[in-house]
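The values are calculated or read from the model by the stated rules, or taken from the named source; none is laboratory data. Keep in mind the model is a prediction, meaning the values are calculated, not measured. Here the Cβ positions follow ideal geometry from the backbone for every residue, glycine too, while neighbour counts run over all protein chains shown. Note: areas computed on protein heavy atoms with side chains; ligands, DNA, RNA excluded. Shrake-Rupley method; radii C 1.70, N 1.55, O 1.52, S 1.80 Å.
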Amino acid sequence: MEDVALDELDRRILNALQEDAGQTNHQLAERVHASAPTCLRRVRRLVEAGIIVRQVALLDAEKLGPALTAIVEITLDQQGDERQVAFEQLVADEPAVQQCYRVSPGPDFVLMVQVADMPAYHALAHRLFAGHKNVRNVRSYFSIHRSKFDTRVAV
């Protein structure tokens, strides 16, 4: 991965792609006021540099069926780096865990979890936390309303 200095055109491209990554290269070029070949080169460079990690479709979980969002705080019994990496690997392999953050101060981790309902959450908590010897404390919060959700990074 190379270190890339971003100019104004790069920033316009990144903002336009964050708003709609599904637009064609020609639509992107028109939107950012550049030529299509220039946009294509710039996007490739941003991908190669690791600035654009991937392009995805964001889904509305509630329209796909029942959805329960849980924010889960995890405190480990032993916080050594090897133990934290082991826990990160455990949750990385679980599709219901959408995000995992090491945090400080307070708990060791905060997870964003999306499951169908409370029984599904209970099964996940039992599988991931109750059976894990190094998990000392689990504190869960359940979303009753999401007032904002955005994936944008300010550029």
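Scoring ALA49 on the criteria (1) closer than 21 Å to PHE149 by Cα; (2) open to solvent by less than 50 Å² (accessible area, probe 1.4 Å) leaves a single failure, condition (1). Within region 68-86, restricting attention to residues that are without any contact (Cβ under 8 Å) to a residue 24 or more places away in the chain and part of a helix (DSSP H, G or I), the residue that is surrounded by the most Cβ atoms within 10 Å (Cβ to Cβ) is VAL85. For region 117-134, filtered to residues that are modelled with pLDDT under 95 and aliphatic (A, V, I, L, M), the residue that is nearest to LEU90 (Cα to Cα) is LEU128. Out of curiosity, is ALA154 closer than 30 Å to ILE51 by Cα, free of Cβ contacts under 8 Å to residues at least 24 places away in the same chain and among the small types (Gly, Ala, Ser)? Yes. Any residue in region 87-95 that is within 27 Å of ASP20 (Cβ to Cβ) and open to solvent by less than 50 Å² (accessible area, probe 1.4 Å)? No: zero hits. Filtering region 3-43 to residues that are farther than 24 Å from ASP150 by Cα, open to solvent by 60 Å² or more (accessible area, probe 1.4 Å) and either assigned to a helix (DSSP H, G or I) or modelled with pLDDT under 95 (or both) leaves ASP3, ALA5, HIS26, GLU30, PRO37, LEU40, ARG41. Residues that are in a strand (DSSP E or B) and open to solvent by 90 Å² or more (accessible area, probe 1.4 Å) were ranked within region 124-155; the one that is nearest to ASP7 (Cα to Cα) is TYR141. Considering only residues in region 96-123 that are open to solvent by 80 Å² or more (accessible area, probe 1.4 Å) and part of a strand (DSSP E or B), the one that is farthest from VAL138 (Cα to Cα) turns out to be GLN98. Within region 8-25, residues that are among the acidic types (Asp, Glu) have Cβ atoms under 9 Å from residues that are open to solvent by 50 Å² or more (accessible area, probe 1.4 Å) and not in a helix (DSSP H, G or I) in these pairs: ASP10/ILE51; ASP10/VAL155; GLU19/ARG152, counting only partners at least 6 apart in sequence or on another chain.
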